[in-house]
Amino acid sequence: MSDQIILRLDGQDYPLPLEQGAENERAIDISSLRADTGLITLDSGYANTGSCRSAITFVDGEQGILRYRGIPIEQFTQHPNFIEVAWLLIFGSLPNRQEYDGFAGDLTAHANLDEGMKLHFEGFPRNAPPMAILSAMINALSCFYPELLELDDTSRFRLAAARLISKIRTIAAYAYRHSQGDAYNYPNPRLAYVSNLLHMMFSHPYQERECDPLVREALNLLFILHADHEQNCSTSTVRIVGSSKANLFASCAAGVCALWGPLHGGANIEVLRMLERIHNGHMTPEDYVQQAKDKTNDARLMGFGHRVYKNRDPRAEILGRQAEKLLAYMGQDDPLLNIARKLEEIALEDPYFKQRNLYPNVDFYSGIIMRAVGIPTNMFTVMFAIGRLPGWIAHWWEQNQRGQNRIARPRQIYDGNTITDYVPMDERG
Ligand code: CMC
């Protein structure tokens, strides 16, 4: 098999090396293209561009495969433990008992926010978007830990990672409490990650929110399934920001902003809104699918389609099953789950969706689970961010450690005015 391809331009041949990954995926290395030929590539949405080499997550969109550090995602469903997966993604292998206990201990020790941060929450309007608060407060964290702005050794990085993974949950809970006008609940060191989040969000004086084991399992699983997805929009953002040598907090705060958009993490809110609109009788599932196919309006079947998955998204399948299991256990019959199943059934039979390989994605069923647990809709994308944070941290660190931090700086094809004279104000039309 050839290890290069030849680009022929103006009668001259330019050999371009081929790169191969661990799973035989192939790429043309064009790093010398412009220097050699004066050409750049144009690739809208970077759909054909590999931005880096990475050993964290493998996705095969044609086959519906997702693996973290080589481990198939399905293998985390038996005893889902988000903290274990966070360690795996960031540090490269499953933690042994000592590593696990040490990391879990760090998470417990660093769950509290500096009291000064409460003042920041107070300054936000009650109806502030929680993703705006989350991003702002992750950035604000950097002011409280100046010693973690430069992470040149693994132990300091580990502390920064633990602080972020622990505190993002406290920030999320405080954002919610502030929106409700409720007092903040301090983290309870006796509670594990997910139970503590629910406690901080929902406990009231003399009314402790307890976390049922199946709820704990469902949320651990939900966080795990969101934990990384290689070079998605928010992770690429984290890498791009980090490539300027911006610190971990700033880079992750930028990741939150990228995740916020409705085509990315914000889709989980839009899915719920879509299901509610159908449930409230504004339209039938058939009407909605029809509308999503209509190119004259912007509506899309939210929670459907993916840049990489062209067959099935394994995360959606797992979450769909988990939603059924959780609702059955809770004795709930959520009509929105039935509507989601109906939409899926119609879309999967419809030539429009079939031809374009559009399948349910991770956001299609996640909202049903969060709703069953009592998470308010406007906090859904925040929950996604909590799950995705270990992935962002892992990518930021990998880029840093591999010396892949040549500043990200794409080129463009300029299509504006050619040289144009400046016109003084009183001579302009
Ligand atoms: N409903 C209707 N049509 C769709 C949908 C959809 N959900 N998704 C894609 N299409 C159509 C699109 O209009 C285009 O049609 P045509 O070829 O006729 O112009 C074709 O399918 C290809 O779509 P695309 O927009 O070029 O695909 P993309 O890879 O650029 O976008 C996507 C991927 C996920 C942004 C898109 O499928 C979408 O907008 N889905 C709905 C939003 C959503 O669920 N986002 C969550 C993504 S998964 C988790 C995450 O990343 O956060």
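The H on the amide N of residue 16, modeled in the peptide plane, is under 5 Å from the matching H of 5, 6, 7, each at least 5 residues off or on a different chain. Each of 418, 234, 52 was placed along the dipole of the chain (beta-carbon charges, centred on the mean Cα), and the one lying farthest toward the positive end is 234.
Here residue 324 sits with roughly 80 square angstrom of accessible surface, probe radius 1.4 Å. Put simply, the stretch 64-104 fits an ellipsoid with semi-axes of 19, 11, 7 Å; these come from the alpha carbon gyration tensor as the roots of five times its eigenvalues, largest first. The alpha-carbon of residue 310 sits under 27 angstrom from the alpha-carbons of these lysines, leaving out residues fewer than 8 places away in its chain: 293, 295, 325, 342, 354. Put simply, the chain fits an ellipsoid with semi-axes of 36, 29, 25 Å; these come from the alpha carbon gyration tensor as the roots of five times its eigenvalues, largest first.
Taking θ as phi - 60° and the Karplus parameters 6.51, -1.76 and 1.60, the scalar couplings of the stretch 346-359 work out to 5, 5, 5, 9, 8, x, 4, 6, 5, 5, 8, 6, 9, 10 Hz in sequence order, x denoting glycine and proline. Estimated from the Cβ-Cβ distance and a Förster radius of 60 angstrom, the FRET efficiency linking residue 402 and residue 207 is about 0.75. When the surface is traced with a 1.4 Å probe over the full set of protein chains, residue 59 keeps roughly 20 Å² accessible.
Of the residues 236, 244, 44, 251, the one with the largest accessible area comes first in the ranking 44, 244, 236, 251, computed with a 1.4 Å probe on protein heavy atoms. Which angle between 0 and 90 degrees, to the nearest 10, do you get for helix 130-144 versus the longest principal axis of the chain when only C-alpha atoms count? That works out to roughly 90 degrees. Here's the picture: charge each Lys and Arg Cβ at +1 and each Asp and Glu Cβ at -1 in the chain, and of 162, 391, 337 the one pushed furthest to the positive end of that dipole is 162.
With contacts taken as Cα pairs under 8 Å and at least 6 residues apart, the stretch 298-429 reaches a relative contact order of 30 percent. Principal-axis analysis of the Cα atoms of the chain puts helix 193-202 at an angle of about 70° to the longest axis. Between residue 114 and residue 63, the simple label model (points 7 Å from Cα in the Cβ direction) yields a spacing of 4.8 nm. If you line up the long axis of helix 154-180 against the longest principal axis of the chain, both from Cα atoms, how many degrees apart are they, to the nearest 10? Roughly 60 degrees, rounded to the nearest 10. At 0.36 nm per residue, minus the direct Cα-Cα distance, what do residue 49 and residue 345 gain on full extension? Give it in nm, one decimal, please. The residue 49-residue 345 span can extend by a further 103.2 nm. Provide the solvent-accessible area of residue 14, counting protein heavy atoms only and rolling a 1.4 Å probe, rounded to the nearest 10 Å². Surface open to solvent at residue 14 totals about 40 Å². Dividing the mean sequence gap of close Cα pairs (under 8 Å, 6+ apart) by how many residues the stretch 184-293 holds gives a relative contact order of 13 percent.
Peptides 336-348, 93-105, ordered by how many other C-beta atoms sit within 10 Å of their residues on average, highest first, read 336-348, 93-105.
Placing 326, 159 in order of accessible area, with the largest value first and a 1.4 Å probe, yields 159, 326.
Here the dipole of the chain is about 440 debye; that uses its Cα centre as origin and unit charges on the Cβ of Lys and Arg (positive) and Asp and Glu (negative).
Does the stretch 143-289 come out rounded, prolate or oblate by the C-alpha gyration tensor, with a ≥ b ≥ c the root eigenvalues, rounded set by a/c under 1.5 and, if not, prolate when a/b is larger than b/c and oblate if not? Oblate is the answer for the stretch 143-289, as a/c is 1.5 or above yet b/c matches or exceeds a/b.
Rolling a 1.4 Å probe over the protein heavy atoms gives the chain an accessible area of 50 Å² per residue. Could you please state how large a percent of the accessible area of the chain is carbon and sulfur, counting protein chains only and using a 1.4 Å probe? The computed percentage sits at 49.
Using a 1.4 angstrom probe on the protein heavy atoms only, could you order 211, 52, 143 from most to least accessible area?
Ranked list, largest accessible area first: 143, 52, 211.
Using the rule -39500 (n - 2.57) for each DSSP H run of four or more residues, divided by the residues of the chain, the 222 nm mean residue ellipticity is -16500 deg cm²/dmol.
The values are calculated or read from the model by the stated rules, or taken from the named source; none is laboratory data. None of the values given here were measured: they were computed from a predicted structure. Don't worry about glycine lacking a Cβ; one is built from the backbone with ideal geometry, like all the others, and counts go over all protein chains shown. Quick note on the areas: whole protein, heavy atoms, side chains included, nothing else; ligands and nucleic acids left out. Shrake-Rupley method; radii C 1.70, N 1.55, O 1.52, S 1.80 Å.
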